[in-house]
1. Give the residues of segment 188-201 that are touching a residue at least 40 places away in the same chain (Cβ under 8 Å) and out of contact with any Asp or Glu (no Cβ under 9 Å at 6 or more places or on another chain), sorted by residue number.
2. Scanning for something open to solvent by less than 50 Å² (accessible area, probe 1.4 Å) and either at pLDDT below 80 or among the polar types (S, T, N, Q) (or both), does segment 172-186 turn up at least one residue?
3. Kindly indicate whether PHE36 is touching an Asp or Glu at 6+ places or on another chain (Cβ under 7 Å) and part of a helix (DSSP H, G or I).
4. Check segment 82-92 and report whether any residue there is aromatic (Phe, Trp, Tyr), open to solvent by less than 10 Å² (accessible area, probe 1.4 Å) and either farther than 23 Å from ALA219 by Cβ or touching a residue at least 24 places away in the same chain (Cβ under 8 Å) (or both).
5. Scanning segment 115-157 for residues that are closer than 17 Å to LEU69 by Cα and outside any helix (DSSP H, G or I), which turns out least open to solvent (accessible area, probe 1.4 Å)?
6. Using the structure shown, decide if THR194 is of a type in the set (S, T, N, Q) and touching a helix residue (DSSP H, G or I) at 6+ places or on another chain (Cβ under 8 Å).
7. Among (1) in contact with a Leu (Cβ under 8 Å, 6 or more places away or on another chain); (2) buried (at least 20 other Cβ atoms within 10 Å of the Cβ); (3) at pLDDT 80 or above, which single condition is ASP99 missing?
8. If a residue must be under 29 Å from TRP205 (Cβ atoms) and modelled with pLDDT under 80, how many such residues does segment 144-167 contain?
Amino acid sequence: MDAKNVPEQPEDESSNTKDPMQILEEALTLCKFGKFHLRLLAATFCCATTIMSVTTTTSYILPIAECDLDMNIMQKGLLNGMPFFGQISSSLLAGFLIDSFGRRIFLVGGNGIIFLCTLIEGSSQTYLMLLFTKLIEGFALSLCFSAVGTYLTEFCHLQVRDRLLLMNSSFTSVALIMAALLAWAILPIQFNYTIWPGYFELHSWNLYLYVCSIWSFLAFVLYWSLPETPKYLLSHGREKEALDVLRKIYAENSGNKKDTFPIHSLNNSGTIKQTKETSLKKKIVDGLFEMKELFRKPLIFNLILFSFTTFAALIVFTSMRLWFPQVSTIIENYNINHEEPARFCVMINDYMEGIKPQTVTANETTVYECVPKISGGETYLNGLILGIAAVVSVVISAFLVDYFGQKILMFVLLILCAIFSTLLYWTNASLQIAMLISCTCALLQTALCLQQNIFVRYFPTTLRALAISIIMMIGRIGSLTGNIIFPILLNLGCMAPFIAMGVVSLGIAGLVYFLPNVAKDNKVTGDK
């Protein structure tokens, strides 16, 4: 038979009826993992370091800046918690905007605002100025935090998605190490530079904040060079733009030309309607219409459960992590002034007793002199131990999660957290204290990461950023609450905050049983 007369074979019918999101997954798999994803990971690392810097830098400057800014212990707690107050105020709006207008624009804008705020923060001359700047940083931080994990996962196919989420969590741990190293390098420097006497003076803690601004600047530049995610574009009817992004990723990773990308359409089933550019008002209305699905069964019940467990976990994790440098400084100064070792609570109580300003008598006039408790090398070394413990915990969990599952592993980690925080009462060596607090924080961070892996899969693409924003808004309320009540509990007794943290960890472990089981293939997320 003449080849010209051979009837054309029909295309595989199943390929014409594939869901657009299934085709997108195939396209991402064809793009593989390459140079584009390395740029994406670099941006994610800088953004994760920025996020941690906004909250962590404060904890390192508390001891050295307490006299310059005239802070008492309650004001320190408020300053630690102020970025979380900013996040609480804007998280819902951030999630709604990110789901309605895209991820990239808010990652670029959020990091840009944080960069400007950090420069102003580094120039702070009063406690109120620093407090207000931290509040604004919290607003911008919610834009970045709600988008960064979603942005990362939506560029990756299923085979690497879990590993990249865990890598994102390890970036957070590495950020803790970077913050400690920079603090160790800069804060001990005798730096006092007067530009305008009595009005504008710079100290080592100002310099530390200036240096930390580099991370937000790098994140701003890197995200500016990256496109919007194809999953977001496809879910909003912008198939041609999504396909163009995929072609660019394919070309960058493979070195081939864009027109050699084997997939020519993401809309074989005809289920995606091409949409014209809509007005701001229309986008807001559409976003509100989609949002109501989040508050229906079964999503609403698990949204509440995720929110409550995150709230409880962050009360423990954030307060212990952010007060760790101050606690380390207390222990370090006690060991310098006392020859005999003492139990943890004796050292804390000694600090609480001597927290009032020292009195100095000069020319028969009594004046009050603020004498700061300066951090030494041991405090910064403890910060490194915390970061390293967090990295090790995440890496080990990445191997164990496939064998035991996320829920069982979370349960074990939370039980260990309760044990470690309770053991603090019987310790008298600074290294033991550092290890117990570091392990508690590291295990809690890993448990939160495992939970994030569950809820990132559980909620559909069009509601994912909003769901994450709601969960993290409730969680940030926990962070703010923990930082405010920690000094109050310290006034009641040394072990009050640590016993409370152990009890909370046990309570979260009990709630893990009720978390939903999410298939590894992501089938239940509703990505359609």
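1. Residues satisfying the conditions are PRO188, TYR199, PHE200.
2. Checking segment 172-186: at least one residue is open to solvent by less than 50 Å² (accessible area, probe 1.4 Å) and either at pLDDT below 80 or among the polar types (S, T, N, Q) (or both).
3. It is true that PHE36 is touching an Asp or Glu at 6+ places or on another chain (Cβ under 7 Å) and part of a helix (DSSP H, G or I).
4. Yes, some residue in segment 82-92 is aromatic (Phe, Trp, Tyr), open to solvent by less than 10 Å² (accessible area, probe 1.4 Å) and either farther than 23 Å from ALA219 by Cβ or touching a residue at least 24 places away in the same chain (Cβ under 8 Å) (or both).
5. Step by step, filter segment 115-157, then rank; the result is SER124.
6. no
7. It is condition (3) that ASP99 fails.
8. 1
The values are calculated or read from the model by the stated rules, or taken from the named source; none is laboratory data. In this text, all values refer to a predicted model and were calculated from it rather than measured experimentally. Reconstructed Cβ throughout: ideal geometry from the backbone, glycine too, with neighbour counts over all protein chains shown. What goes into the accessible areas is simple: the full protein's heavy atoms, side chains included, and nothing from ligands, DNA or RNA. Shrake-Rupley method; radii C 1.70, N 1.55, O 1.52, S 1.80 Å.
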